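The values are calculated or read from the model by the stated rules, or taken from the named source; none is laboratory data. Just so it is clear, the model here is predicted, and its values are computed rather than measured. Note that we place each Cβ from the backbone using ideal geometry, even for glycine, and neighbour counts take in every protein chain shown. Note: accessible area is taken over every heavy atom of the protein model, side chains too, but ligands, DNA and RNA are not part of it. Shrake-Rupley method; radii C 1.70, N 1.55, O 1.52, S 1.80 Å.
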4 protein chains.
Amino acid sequence: MRDIGIGLIGSGYIGKTHAIAYAAHNAVFGGPARPVCRALAEIDQQKADQEATSLGFKRGTGNWRDLLDADDIDVIAIATPNALHKEMAIAAIQAGKHVYIEKPLALDATEAEAIINAYEAQTTNTNPLVHMLGYNYLCNPMISVAKTMIDSGELGEIVHFRGRHNEDYMASPDVPFSWRCSRTAAGTGALGDMGSHIIGMAMHLAGPASSLSGDTTTVIQRRKDHTGTMRTVENDDQAQALVRFESGAMGILETSRIALGKKQGLAFEIVGTKGSIEFDQERMNELRLYEANAPIGRAGFKTLLVDSSCPDFGAFCPAPGHGLGYNDLKIIEVNRLMKAIVAGAPVPVDLYQARDIERIIDTWITSAEQRTWLNLD
Amino acid sequence: MRDIGIGLIGSGYIGKTHAIAYAAHNAVFGGPARPVCRALAEIDQQKADQEATSLGFKRGTGNWRDLLDADDIDVIAIATPNALHKEMAIAAIQAGKHVYIEKPLALDATEAEAIINAYEAQTTNTNPLVHMLGYNYLCNPMISVAKTMIDSGELGEIVHFRGRHNEDYMASPDVPFSWRCSRTAAGTGALGDMGSHIIGMAMHLAGPASSLSGDTTTVIQRRKDHTGTMRTVENDDQAQALVRFESGAMGILETSRIALGKKQGLAFEIVGTKGSIEFDQERMNELRLYEANAPIGRAGFKTLLVDSSCPDFGAFCPAPGHGLGYNDLKIIEVNRLMKAIVAGAPVPVDLYQARDIERIIDTWITSAEQRTWLNLD
Amino acid sequence: MRDIGIGLIGSGYIGKTHAIAYAAHNAVFGGPARPVCRALAEIDQQKADQEATSLGFKRGTGNWRDLLDADDIDVIAIATPNALHKEMAIAAIQAGKHVYIEKPLALDATEAEAIINAYEAQTTNTNPLVHMLGYNYLCNPMISVAKTMIDSGELGEIVHFRGRHNEDYMASPDVPFSWRCSRTAAGTGALGDMGSHIIGMAMHLAGPASSLSGDTTTVIQRRKDHTGTMRTVENDDQAQALVRFESGAMGILETSRIALGKKQGLAFEIVGTKGSIEFDQERMNELRLYEANAPIGRAGFKTLLVDSSCPDFGAFCPAPGHGLGYNDLKIIEVNRLMKAIVAGAPVPVDLYQARDIERIIDTWITSAEQRTWLNLD
Amino acid sequence: MRDIGIGLIGSGYIGKTHAIAYAAHNAVFGGPARPVCRALAEIDQQKADQEATSLGFKRGTGNWRDLLDADDIDVIAIATPNALHKEMAIAAIQAGKHVYIEKPLALDATEAEAIINAYEAQTTNTNPLVHMLGYNYLCNPMISVAKTMIDSGELGEIVHFRGRHNEDYMASPDVPFSWRCSRTAAGTGALGDMGSHIIGMAMHLAGPASSLSGDTTTVIQRRKDHTGTMRTVENDDQAQALVRFESGAMGILETSRIALGKKQGLAFEIVGTKGSIEFDQERMNELRLYEANAPIGRAGFKTLLVDSSCPDFGAFCPAPGHGLGYNDLKIIEVNRLMKAIVAGAPVPVDLYQARDIERIIDTWITSAEQRTWLNLD
């Protein structure tokens, strides 16, 4: 089996998720290729060495550019703060590496376009570069089931999509000012961090949006930074938008980082003309289904539990209801990457789709400023 | 105990709910006054007599104007299709009767103003007329608890209100064209029928709105009427709006009459800076509460079941969790009416608040046409 | 329509539920007879008069035996502490009245037999007496649906019944010693009060039991009475039993009055060879159904909401999901009584079935003492 | 970091779970030792080689006894059908290997004693052997939270434990006769397979049992084997027992392999004098808590979501509610094994506790035959 050398930049929260997924991938899927953890880049050599040992990488480096020239690195995985993505992604692409970039792709659509330009200049038919974004929630087998229900017509015509990704990690005014609160470091707030997830989910399931009317607010307007200095928060705590999809369906999208009680609150409800579905990532192994054609007195929302009829699940466990966890979604995503590299299979979200998500975010903010609906091109 | 003579116009779905509530009121509350079912008006004498017998009214009449002159009638209750409200309400007020009008108050805010004008011309300090709208969901003890949590500051500052009232009674394309589909008979569609409920709930809990951006669609654009003729549906199947409240809080309001699977789908989630609450009328005896100040590891949404600490509940049953039903909300509403008549107590929704709901609906539709935010005066 | 004169003994918790149900019955069901609240008996004339006024009875009496001779009383409804049932029921029957007795029928099966003996001595083919017990949970439309599913074979052969009725009204050691703690006044503890409900439910749905192995405990063994004297609790706080039904199905029955968090905790799960159902009275308008024959990937527990396809529901409201409350079950039960009186229709639980419930309770206690299985005759 | 050589026997369902856990362990926990997948034993060399490659083991062998002499093997992990455990475990122990044995330990308590005897003959203070059973559900962080709540007194005195482990993998009569249906190959049926889990959970949380009254049934008494021959099922489809714990608490235990709709139906409810908790493995990242001391009107079951305050969780993900999956429990269990080997830490279930579980199962069956309560020694 072919080994795929991984160079990972960043060993924080999501970097560790990468490491776990690379390690577990082959015991779960048994192929079609083996990700091999070759190098981990961190902010300095000492931290890099320490994390490489802990997370199972062969070597560490304090300079991420070392990965560009390394012959044993096939994929550069970027798990760093948002503002660094553009430079790293372009450099990786220009070095001829496949890229696996954590969402959001960039600070805005302009940056996203620059990455795409670099990609288009570098990739060739004979030597195509794989480009995959880390939108791991899309890899959930229950989401695959939802997509099948929609694409097959089982739910009829989709007429409404209501989605939100709300959490409460910044609900306390005592949470300090961090890079997430800075427009230059993070771009948007809840909108880029979690809004990108629910936008991606909406596009995945309900298709492209044609217009929107957005709104945003910053509720906790000042926070102390780690030095104790009070600073102005520069981006949104809450954002919401009315959406029209190209299909004509209506939608509502919402995100918040101050929604007390929500911990992994990516949830949606989709209404079709033949059925409805409901999903909540906090119960990620369940999908609720209402079938309009049920017999009289026997119609109701049905809670489907994940089982081996759902894509990807059987690789983890043959037993129904023996659910997956958050980290397992990353294992599936890594499997998508392996299939893309060795077999040219499509990925859940590529640079173009990620760019479209950035465009929606940009338009959302402009719409909120102009207090009007805007079309998406 | 004082008897309050009731004259009810309309014996359909909601008219029957009135009849049950009047009958049960005194066994439940024991006062402060006794509603006495004196006369029932229906479309003709025969139906009126039949329904009067069935629903426990002393007499029937095929002419609702008979109620205006009847000395034994103190309250005229209007439970007829929307387009009839204005004429009936004005006539009742001008006859010096208290009015108890089912929602929505009227077809639009202009009609609502006309009713208010009639009221203001008629009522006097010495002989004040009571005017109450039938927004029975607001009478739920769990809603009273929610309001107490908000008004007392228990939830902190409210920063978000997400509400919907979705049902699926017109989801099937085989549901025939009826007065509900006609702009002249019903005014708006889902928006007036159920949207008025969620708007009323939002105002009750989160206070007045200052601006909104609305959207509406008619998904099933043609339906057969009872003669088999295909007719064009003239009002909305789905409607949604972004809202800003005067408090600065953001909100989302939504309604649908084609949301497959929802049967009594009035639900909301409110985020405050100290806690969050969630409610779903399909589980109307529950309120979910998240308290930000819970100890580490002991925070989570808590399901409160109705008990005698909740307003009004103890009159029904002393035992906690021995829940109320939909009809019980009407009994509480009738009790509010009795208290207003004998003691001048405030009602949940009066003509002015009902007019404000109509204004929001009107603005919602205009906003949808203009594709822009609009301020509410 | 025929008037049925009601004489009610007892105006406490359940007595008030009776009063509400009599008052509301005709507006809901419109027939086949009209219960008329003629007399209310209480412990003295003053309380009787006061409660008669409050609950809508024409007169009050401090002597329940006054009801026996009253020509305008057709039904004597007994809503008093358990130890009084036998004497009152026998006297009512001997006076030729129909009886409507709150559960449990008596302190034990011996008392129950005495009541049956009186009944058999009094009733005649030409003048049959109606005898109905107040097991109102059985009147829930969702329970009727469950019974239909079982009786029709929709669930296949029933192989397991797990039921409990747990509440927490005596969970606090500060709840005082009351008649409920006394063997002479209440008989058993949780077992008679709530265990009788879950036994009745099991018999209603899974049929007669053939043998059982029981257990009981008194957890809080001493409580202060209202004078502050510490007294020994004489009956069970918790009871549980393994059961075999005549069908061969296995079962588990359980009850507790100290189960913290349960407020109206009558719940069951039934497994058949073609499907399973689950019910919880705290969500009394729902029934969860699992159908074994669902397509692959589309099997799951489905939450049915009450609607007009469910027996009795349509009389309350035509709209699906507009749920019933606890008191509404009593209205349905009163309707059963009316139908039994005017049309000889069967009642949910009669004296014989109530006697069987008492036998199970007696056997349960003996089994617990002997630490062995016992057969039920 | 120390490498711990693993030799795994069996690559079926649970064997693969082992492989995934060994692979992922260090990226998750970073220590205190590294499990290294050295050898995989299967029924023949070909299958062994194939699975070794797929699951990431260095070599395969068709003879499990090869592991006994291998110097690079520290732990022998036994993931084979129940009837093979005794021989393999004794051989592994006698070869001086640590053992990690999947539940149930053996076919009955007599076999379990034989394994213990071998262990006691082999282990020494200077060279202690680690012995751990695979009861992975006990490793769930939410179960650790539950145990902390109980051990700390937060729930008060435990007065009731109701537990079940029900699934439906043999609900269909078309499921063929397999080794699981054979008394010689599997021992008991649902009782050994899943009953052992809920017994283990009960002992873990409520402490040792002192007596029980059990019952068992075989509902589907005949099944076709893979040759099409109809054979008699030799063990239980359903089993249930009343239990008394040494503490005096009451309990109910239940298991079924034909409980339609249950997929990973290990669930329990525990009542204490200060609070209650509820858990369902199908929602394994949640624990429901009722606190008796909540303020009036603010008491209710609270759904706790897993977060970094819960033992072990933080190693997987820092973000609350980003739940674990079934396979993650095995990673935690492997971490327990590593800590036991390098630091002598206690394991969740050792040979002695596993033997006690077998004793309870044996007693349960005897009690069912004798129709009486039996004491546990």
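In segment B:1-36, the residue that is farthest from C:ASN327 (Cα to Cα) out of those that are more than 11 Å from chain C (Cβ to nearest Cβ) and either in a loop (DSSP other than H, G, I, E, B) or hydroxyl-bearing (Ser, Thr, Tyr) (or both) is B:GLY10.
Contact map, segment C:225-239: first residue open to solvent by 70 Å² or more (accessible area, probe 1.4 Å), second residue not charged (D, E, K, R), Cβ cut-off under 7 Å, separation 6 or more or different chains; pairs are C:HIS226/C:PRO176; C:ARG231/C:PHE177; C:THR232/C:GLN221; C:GLU234/C:CYS181; C:GLU234/C:SER182.
Rundown of residues vs (1) modelled with pLDDT of 95 or more; (2) more than 9 Å from chain C (Cβ to nearest Cβ); (3) not in a loop (DSSP other than H, G, I, E, B), yes/no style:
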{"position": "B:ALA241", "(1), (2), (3)": "yes, yes, yes"}
{"position": "B:LYS263", "(1), (2), (3)": "yes, no, no"}
{"position": "B:SER308", "(1), (2), (3)": "yes, yes, no"}
{"position": "B:ILE332", "(1), (2), (3)": "yes, yes, yes"}
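Can you find even one residue in segment C:219-237 that is within 14 Å of chain B (Cβ to nearest Cβ), in a strand (DSSP E or B) and not acidic (Asp, Glu)? Scanning segment C:219-237 turns up no residue that is within 14 Å of chain B (Cβ to nearest Cβ), in a strand (DSSP E or B) and not acidic (Asp, Glu). The set of residues from segment C:156-166 being over 16 Å from C:GLU291 (Cα atoms) and open to solvent by 20 Å² or more (accessible area, probe 1.4 Å) comprises C:ARG162, C:ARG164.
Screening D:ILE270, D:ILE258, D:ILE277, D:ILE252 for residues that are more than 29 Å from C:ASP237 (Cα to Cα) and either more than 14 Å from chain A (Cβ to nearest Cβ) or free of Cβ contacts under 8 Å to residues at least 24 places away in the same chain (or both) leaves exactly one candidate, D:ILE258. Please count how many residues of segment B:268-278 are open to solvent by 10 Å² or more (accessible area, probe 1.4 Å) and of a type outside the set (Asp, Glu). Residues that pass the stated criteria total 3. A:ASP312 meets the conditions (1) of a type in the set (D, E, K, R); (2) away from chain D (no Cβ under 14 Å); (3) on the phi > 0 side of the Ramachandran plot in every case but one. The failed one is (2).
Looking at the structure I just gave you, is B:ALA171 small (Gly, Ala, Ser), open to solvent by less than 30 Å² (accessible area, probe 1.4 Å) and not in a loop (DSSP other than H, G, I, E, B)? Against the criterion (small (Gly, Ala, Ser), open to solvent by less than 30 Å² (accessible area, probe 1.4 Å) and not in a loop (DSSP other than H, G, I, E, B)), B:ALA171 does not qualify.
Residues in segment A:119-155 that are open to solvent by 20 Å² or more (accessible area, probe 1.4 Å) and touching a Lys or Arg at 6+ places or on another chain (Cβ under 8 Å): A:GLY153, A:GLU154.
Here are B:GLN264, B:GLN281: which of them is within 22 Å of B:PRO141 (Cβ to Cβ) and touching a Pro at 6+ places or on another chain (Cβ under 9 Å)?
Every option except B:GLN264 fails the conditions.
When we screen A:ARG298, A:ARG288, A:ARG283, A:ARG336 for residues that are at the interface with chain D (Cβ under 8 Å from one of its Cβ atoms) and either closer than 23 Å to A:ALA79 by Cα or surrounded by fewer than 23 Cβ atoms within 10 Å (Cβ to Cβ) (or both), the only hit is A:ARG283.
Among residues of segment D:95-110 being within 22 Å of D:HIS18 (Cβ to Cβ) and outside any loop (DSSP other than H, G, I, E, B), the one that is farthest from the chain's Cα centre (by Cα) is D:HIS98. Within segment A:316-330, the set of residues being facing chain D (nearest Cβ under 9 Å) and not aromatic (Phe, Trp, Tyr) comprises A:CYS317, A:PRO318, A:ALA319, A:PRO320, A:GLY321, A:HIS322, A:GLY323, A:LEU324, A:GLY325, A:ASN327, A:ASP328.
From the residues in segment D:31-53 that are polar (S, T, N, Q) and free of Cβ contacts under 8 Å to residues at least 12 places away in the same chain, which one is nearest to D:GLU333 (Cα to Cα)?
D:THR53
In the condition set (1) closer than 19 Å to B:ALA299 by Cα; (2) within 14 Å of chain A (Cβ to nearest Cβ); (3) in a loop (DSSP other than H, G, I, E, B); (4) not polar (S, T, N, Q), D:LEU304 is compliant with all but (3). Pairing residues of segment C:1-30 that are outside the structural domain of C:GLN46 (by TED's automatic domain parsing) and closer than 20 Å to C:LYS339 by Cβ with residues that are assigned to a helix (DSSP H, G or I) and at pLDDT below 95, at Cβ distances under 7 Å and at least 6 apart in sequence or on separate chains, gives no pairs at all.
Return yes when D:THR227 is of a type in the set (Val, Ile, Thr) and closer than 26 Å to D:PRO348 by Cα and no when it is not. In short, no.
Checked against (1) open to solvent by less than 40 Å² (accessible area, probe 1.4 Å); (2) in contact with a Cys (Cβ under 8 Å, 6 or more places away or on another chain); (3) small (Gly, Ala, Ser), A:GLY56 meets all criteria but (1). Count of segment C:341-354 residues, restricted to those that are within 12 Å of C:GLY200 (Cβ to Cβ) and in a helix (DSSP H, G or I), is 2.
Inspect segment B:303-315 for any residue being in the same structural domain as B:SER196 (by TED's automatic domain parsing), open to solvent by less than 20 Å² (accessible area, probe 1.4 Å) and of a type in the set (Val, Ile, Thr) and give the result as yes or no. So far as segment B:303-315 goes, yes, one or more of its residues are in the same structural domain as B:SER196 (by TED's automatic domain parsing), open to solvent by less than 20 Å² (accessible area, probe 1.4 Å) and of a type in the set (Val, Ile, Thr). Of all residues in segment A:129-157, those satisfying the criterion of being of a type outside the set (Gly, Ala, Ser) and over 23 Å from the mean Cα position of the chain (by Cα) are A:GLU154, A:LEU155, A:GLU157.
B:THR110: open to solvent by 10 Å² or more (accessible area, probe 1.4 Å) and modelled with pLDDT under 95, yes or no? Spelling it out, it is not the case that B:THR110 is open to solvent by 10 Å² or more (accessible area, probe 1.4 Å) and modelled with pLDDT under 95. Of all the residues in segment B:202-223, those that are out of contact with any strand residue (DSSP E or B) (no Cβ under 9 Å at 6 or more places or on another chain), open to solvent by 40 Å² or more (accessible area, probe 1.4 Å) and more than 19 Å from B:LEU266 (Cβ to Cβ) number 0. Within segment A:244-267, the set of residues being hydroxyl-bearing (Ser, Thr, Tyr), within 17 Å of D:GLY321 (Cα to Cα) and open to solvent by 10 Å² or more (accessible area, probe 1.4 Å) is empty. Restricted to segment C:39-50, and to residues there that are in contact with a strand residue (DSSP E or B) (Cβ under 7 Å, 6 or more places away or on another chain) and surrounded by fewer than 23 Cβ atoms within 10 Å (Cβ to Cβ), the residue that is nearest to the other protein chains (Cβ to nearest Cβ) is C:ASP49.
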